[in-house]
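Only one structure is covered here, and it is reproduced in the block below.
We did not get these values from a lab; they are worked out from the coordinates using the rules stated. Keep in mind that what you see is a predicted model, and the values were worked out from it rather than measured. As a convention, Cβ positions derive from the backbone with ideal geometry for all residues, glycine included, and neighbour counts pool all protein chains shown.
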Amino acid sequence: MSLSDLPNLISILRITLVGPVVWALATQQFMLALLLFAVAGVSDGLDGFLAKHFHWESRLGSILDPIADKLLLLASFATLTWLGLLPLWLLWLVVARDLIIISGGLAYHYYLGEFDLSPLWSSKINTTLQIALVLLVMIQQQWFQGLDKLVTIGIWLVVASVINSGTEYVVVWGTRAWKQIKGKS
């Protein structure tokens, strides 16, 4: 093990925070959930900074980092949905987008070969909006009960970004696959 493995270790630690975040949310300890979510957010920034700044990027890191992000977000969305704080249809929409992207990526890899796992900008925006919505719901529950309109706006911003980024992935990767298939003919 070397220092260059540090970003991957931080991503693994972020994955281990999923359980405590879910527990804190499920037991409605929103202050603790906010704190743990903040630790996860800082660790996400730290592992990315270390990987890029010191050129410690790796294939494993390009897989672990988005898995850590997705697990934390999906688990948070699922728990907030279970608590009745987010609508079930929103959870299904978020899950459907991720399943479409994962299925497309696996199909591309299986049929056409390895591909770059770099996220599209629309995906980064989508992740940011999802994080903001989770934080907003936790803040609403902890301190400001009157944020219903703001939460509703957050929900619809997430809906728009899920549809936009999901569509962009299908178009971008579908076009790349089509060009690669046509090139083999």
Protection proxy (average C-beta count within 10 Å per residue), highest first, orders 20-27, 65-72 as 65-72, 20-27
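Is there a quick way to get the dipole size of the range 3-184? I mean about its Cα centre, with the Cβ of Lys and Arg at +1 and of Asp and Glu at -1; what is the value in debye to the nearest 20?
Values: 11 positive and 11 negative charges, 95 e Å.
Roughly 460 debye, rounded to the nearest 20.
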From the backbone phi of the range 136-142, what are the Karplus-calculated ³J(HN,Hα) couplings (6.51 cos²θ - 1.76 cosθ + 1.60, θ = phi - 60°) in whole Hz, Gly and Pro given as x? 4, 5, 5, 5, 4, 5, 7
Going highest first, how would you order 128-141, 6-19 by mean Cβ packing within 10 Å? 128-141, 6-19
Separation between Cα centres of the range 91-140 and the range 36-62, rounded to whole Å: 18
Give the residue from Val162, Leu17, Gly113 lying farthest towards the positive end of the charge dipole for the range 3-184; charges sit on Cβ (+1 for Lys and Arg, -1 for Asp and Glu) and the dipole is referred to the Cα centre. Gly113
In whole Hz, with x marking every Gly and Pro, tabulate ³J(HN,Hα) for the range 49-62 from phi via Karplus 6.51 cos²θ - 1.76 cosθ + 1.60, θ = phi - 60°. 4, 4, 4, 6, 5, 9, 6, 9, 5, 8, 4, 4, x, 5
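Using a cut-off of 15 Å between beta-carbons, work out the net charge of the residues near Leu13 (Lys and Arg +1, Asp and Glu -1, Leu13 not included). Spell out each step's value before the answer.
Details: positive: Arg14; negative: Asp5, Asp44, Asp47, Asp65, Asp69.
Summing Lys/Arg as +1 and Asp/Glu as -1 gives -4.
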Among (1) 1.01; (2) 0.94; (3) 1.03, the value of Rg/Rh (Cα atoms, Kirkwood Rh) computed for this structure carries the label (1)
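Can you tell me which of 98-104, 178-184 comes out highest on packing, and rank the rest after it, using the mean Cβ neighbours within 10 Å? Mind dumping the intermediate values first?
Working: 98-104: 14.3, 178-184: 9.6.
Top of the packing list down: 98-104, 178-184.
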